[in-house]
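Please read the structure below before turning to the comments.
The values are calculated or read from the model by the stated rules, or taken from the named source; none is laboratory data. Predicted, not measured: the structure shown is a model, and the values here were computed from it. Backbone-built Cβ (ideal geometry, glycine too); neighbour counts: all protein chains shown. With ligands, DNA and RNA removed, areas are computed over all heavy atoms of the protein, side chains included. Shrake-Rupley method; radii C 1.70, N 1.55, O 1.52, S 1.80 Å.
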Amino acid sequence: MVSAPYTISSVGLGSCVAVALYDTQRRIGGLAHIMLPGSASLNGSQSSCRYADPAITALVKALCRRGGVRKDIVAKMVGGARMFPDYGNSNQGIGEQCIESIKGILKREHIPVIGQDTGGRHGRNVEFYLDTGRVVVSAIGKEDKEI
Amino acid sequence: MKVRETLSKEHLDFLREMMNIGAGNAATALGQMLRCEVNVAIPKVHLLSAVKLPPKTFGDPSLPVFCVRMAMIGDAFGHLFFIVPDAQKERLTHLVEQAAPGSTLIWNGDLQSAELDLSVLTEVGNILVGVYLTAIHDFCKLNIYHTAPTLAIDMIQSLLDESLATLSHKVQTAVLIENMIYVGAEGITTFLLMIPSVESVNTLADSIAQTRLAYSKE
């Protein structure tokens, strides 16, 4: 988690989802790299922030500790692709499950999603510019996309 | 159940022996498929912790790799990846042209246009996985099968993402097999990455231990 003028980046997102939270007034924000939907199991995983719920909760708390105000926080999300076709028996891939879970959590936290580039079958790189809150998504063989 | 975090040096040595046998069979099978002389060098076998995936061997994680994924089923579970790094793309193109004259390999991440030519490469991955699993079966009496291969060209990190998310709840061991395949004088480096489930690492280690014991008594 940092403030302007820094940039946070994440390389090689596949089924994982990067959630950028940004306080539009104070220009501080953070990026959560989420691998799995929901919460960690009750037996206490050391890497619980790989799960959507603990990761977003921790990031919101960290933003507020740094002076962020909940009502000014907005979200953008990137990733959640299905990299290989027809994987497993489930109709919904892990990426799609992550996206659905994250949307539910953000709704519960009253954080609006103001931009997203999710799904599909390609990997993504993300750059999150803290000066303006813009998120630039790049992918192999595709034009850069700003959300 | 005691969970091993990794395989020991003895296990690794035995695994190397099995992979050497597999490489010999791979050369024969690839030669028949590509209709030319193929040699496979003795493979290098490395043990990796799942937290160190993808390994630096593949180069810049944002560069594209050609990747075929299969699931392991049977006596062991997990995922298998046949990977050709970006640095090998020119050699790969020659290989495809040699195996299927008149075809060209399009390497821009656009699978739609490259699908026909890439079927040759998918088959190479299929053969390599098949011979190595057969070698494990012949020595360790483990019946490990693989599902139908699916392919993608993209950043290595993004291709491993899903497997790492779903498999690596605990510390995991991954086995990386580096294969040098020679078609004529030209060599191409390919990788086979095996990410077994925690339970399957135990199964493999126990089978190797029993097999070594059996051989030592002979």
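Applying a threshold of 8 Å to beta carbon distances and a minimum spacing of six or more residues, or different chains, the list of pairs starting in region A:134-145 at a residue that is facing another protein chain (nearest Cβ under 8 Å) and ending at one that is charged (D, E, K, R) and not in a strand (DSSP E or B) reads A:141/B:110.
Can you name every residue in region A:61-82 that is more than 14 Å from chain B (Cβ to nearest Cβ) and within 12 Å of the chain's Cα centre (by Cα)? Give the derivation first.
Step one: of region A:61-82, the residues more than 14 Å from chain B (Cβ to nearest Cβ) are A:61-77.
Listed by number, the residues that qualify are A:74, A:75, A:76, A:77.
Among the criteria (1) within 14 Å of another protein chain (Cβ to nearest Cβ); (2) farther than 18 Å from residue A:33 by Cα; (3) free of Cβ contacts under 8 Å to residues at least 24 places away in the same chain, the one residue A:85 does not fulfil is (3). Residues that are more than 17 Å from residue A:29 (Cα to Cα), surrounded by fewer than 13 Cβ atoms within 10 Å (Cβ to Cβ) and modelled with pLDDT of 90 or more: does region A:115-123 have at least one? For region A:115-123, residues more than 17 Å from residue A:29 (Cα to Cα), surrounded by fewer than 13 Cβ atoms within 10 Å (Cβ to Cβ) and modelled with pLDDT of 90 or more: absent.
Residue count for region B:151-180, restricted to those that are more than 14 Å from every other protein chain (Cβ to nearest Cβ) and open to solvent by less than 10 Å² (accessible area, probe 1.4 Å): 6. Six or more apart or on different chains, Cβ under 6 Å: which pairs go from a residue in region A:54-75 that's under 13 Å from residue A:20 (Cα atoms) to one that's buried (at least 17 other Cβ atoms within 10 Å of the Cβ) and among the aromatic types (Phe, Trp, Tyr)? Could you list them? Filtered contacts from region A:54-75: A:74/A:22. Within region A:1-41, the set of residues being crowded, with 18+ Cβ neighbours inside 10 Å, more than 10 Å from every other protein chain (Cβ to nearest Cβ) and either in contact with a His (Cβ under 6 Å, 6 or more places away or on another chain) or of a type in the set (Phe, Trp, Tyr) (or both) comprises A:18, A:22.
Of all residues in region A:132-147, which are closer than 28 Å to residue A:3 by Cβ and hydrophobic (A, V, I, L, M, F, W, C)?
Step one: filter region A:132-147 for residues closer than 28 Å to residue A:3 by Cβ, giving A:132-139, A:144-147.
Selection gives A:135, A:136, A:137, A:139, A:147.
Going through (1) surrounded by fewer than 17 Cβ atoms within 10 Å (Cβ to Cβ); (2) over 13 Å from the mean Cα position of the chain (by Cα); (3) away from chain B (no Cβ under 12 Å) one by one, residue A:100 falls short only on (2).
Would you point out the residue of region B:26-64, among those that are aliphatic (A, V, I, L, M) and in a loop (DSSP other than H, G, I, E, B), that is nearest to residue B:160 (Cα to Cα)? Steps first, please.
Residues of region B:26-64 that are aliphatic (A, V, I, L, M), as a first pass: B:26-27, B:29-30, B:33-34, B:38, B:40-42, B:45, B:47-48, B:50-51, B:53, B:63.
If we keep only those that are in a loop (DSSP other than H, G, I, E, B) too, we end up with B:41-42, B:53, B:63.
Values: B:41: 26, B:42: 26, B:53: 8, B:63: 14 Å.
If we take residues in region B:26-64 being aliphatic (A, V, I, L, M) and in a loop (DSSP other than H, G, I, E, B), then B:53 is nearest to residue B:160 (Cα to Cα).
Being in contact with a Leu (Cβ under 7 Å, 6 or more places away or on another chain) and within 13 Å of another protein chain (Cβ to nearest Cβ) is the filter here, so list the residues in region A:112-124 that pass it. If the condition is that a residue be in contact with a Leu (Cβ under 7 Å, 6 or more places away or on another chain) and within 13 Å of another protein chain (Cβ to nearest Cβ), then A:123, A:124 are the ones that fit.
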